[in-house]
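Would you mind keeping the following structure in view while I ask a few things?
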Amino acid sequence: LIDNTTETKTSSNENDFSIPSSVQLKGSTKFRTHFGYITLMPYEEDAQCMVRLYDQKGNLLEQTLFFQTINFTLSPDRKFAAFHDTRNIQFIDLGTGSITAVDGSSVFAFSVNNSFAYYDEKNSTVHVNKNEFKVDGLVTKLLFSQENLLIALRSKIIAVEGKSIRQLFSKTSENIFDIEVFNDKLYISTKIVFADHFEFNSYFTNDLQNF
């Protein structure tokens, strides 16, 4: 979907995501993009959602109606967007306005350099950079750390390294509760279920090797 061999350049106002009051946009949820704006307008009566693209001046470029916009996500540079419409992942190139339907679930992620990874639950596969990896369980989250794709399953975390994968983390009797990256550190929260209570443990790593 994205050619990662092309250098990504960001604008000088890349961190200014505010929307000027002079720009009139139609939609209940509004986002600033690299090229203009994108808005979402859900309709409660039929659960559908209108997605509209605008240029920098607030001129409507196009609008498309989808079933839903589950897990709506912008890429870090705000040049791409993705969401799940209950059937497929809808991947939008915000520069051209092109929309690509991808066979996958609502579990997906962008990396800092615009790699796009997604989980196809029907085929039990994870896809990233034109590579496909078979997984032996339900994927609960995808996350990039130091440009490495991490795949969180019920009781373990797998790391994608090039065209191969390795088990990164697993603890006996502990289930993966959540994983996050903060300041280049990977934090992992696990959960142990007892008859009358839960127990949570935390781990972190700087190098994806030592916890």
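The values are calculated or read from the model by the stated rules, or taken from the named source; none is laboratory data. Treat the numbers as computed from the prediction; the structure is a model and nothing was measured. Neighbour counts are summed over all protein chains in view; Cβ atoms, including those assigned to glycine, are modelled from backbone coordinates with ideal geometry. Just the protein is used for accessible areas: all its heavy atoms, side chains included, with ligands, DNA and RNA removed. Shrake-Rupley method; radii C 1.70, N 1.55, O 1.52, S 1.80 Å.
With θ set to phi - 60° and the Karplus curve 6.51 cos²θ - 1.76 cosθ + 1.60, what are the ³J(HN,Hα) couplings of the stretch 115-123 in order, to the nearest whole Hz, using x for Gly and Pro?
5, 10, 10, 8, 10, 9, 5, 4, 9
Could you report the chain's accessible area per residue, 1.4 Å probe, as an integer in Å²? Write out the running numbers ahead of the final one.
Working: 11970 Å² over 211 residues.
Ligands and nucleic acids excluded, the figure is 57 Å² per residue.
How many nm is it between the label spots at Arg166 and Ser28, if each spot is 7 Å from the Cα in line with the beta carbon?
About 4.7 nm, to one decimal.
From the square roots a ≥ b ≥ c of the eigenvalues of the alpha-carbon gyration tensor of the stretch 26-107, which class results: rounded (a/c under 1.5), prolate (a/b over b/c), or oblate? Walk me through the numbers on the way to the answer.
Working: a/c = 1.89, a/b = 1.22, b/c = 1.55.
Oblate.
If the label point is 7 Å along Cα→Cβ of Asn113, which residues in the stretch 144-185 have backbone nitrogen under 16 Å from it?
Of the residues in the stretch 144-185, 144-150, 160-164 have backbone N under 16 Å from the label point off Asn113.
For a distance above 17 Å, tell me the whole-number percent of Cα pairs in the stretch 74-160 that qualify. Before the final figure, lay out the partial values.
Details: 1684 of 3741 pairs.
Cα-Cα pairs in the stretch 74-160 separated by more than 17 Å: 45 percent.
Extension gain Gln209-Val181, at 0.36 nm per residue separation less the Cα-Cα distance, in nm? Don't jump to the answer; show the numbers that get you there.
Details: separation 28, 0.36 × 28 = 10.08 nm, distance 1.47 nm.
Length difference between fully extended and current span is 8.6 nm.
Another question about this same structure. What number, in nm² with one decimal, is the all-direction average of the projected area of the convex hull of the alpha-carbon atoms of the chain? Walk me through the intermediate numbers first.
Numbers: hull surface 57.7 nm².
Convex hull of Cα atoms, orientation-averaged projection: 14.4 nm².
Still on this structure: Do any of Lys79/Lys156; Lys134/Lys185; Lys79/Lys130; Lys141/Lys171; Lys26/Lys57; Lys26/Lys122 go past 24 Å between their Cα atoms, and which?
In this structure, Lys79/Lys156; Lys134/Lys185; Lys26/Lys122 exceed 24 Å between Cα atoms.
Please say if the stretch 141-211 is rounded, prolate or oblate, where rounded means a/c under 1.5 for a ≥ b ≥ c the square roots of the C-alpha gyration tensor eigenvalues, and otherwise the choice is prolate for a/b larger than b/c and oblate otherwise? If you can, show how the numbers build up before the last one.
On the way: a/c = 2.41, a/b = 1.75, b/c = 1.38.
Prolate, since a/c reaches 1.5 and a/b exceeds b/c.
Build a GNM of the chain with springs between Cα atoms under 10 Å: which of His197, His34, His127 gets the top mean-square fluctuation?
Of the options given, His197 has the highest mean-square fluctuation.
Take Asp103, Asp55 and sort them by solvent-accessible surface of the protein heavy atoms, 1.4 Å probe, largest at the top.
Working: Asp103 105, Asp55 40 Å².
So the residues, ranked largest to smallest area, are Asp103, Asp55.
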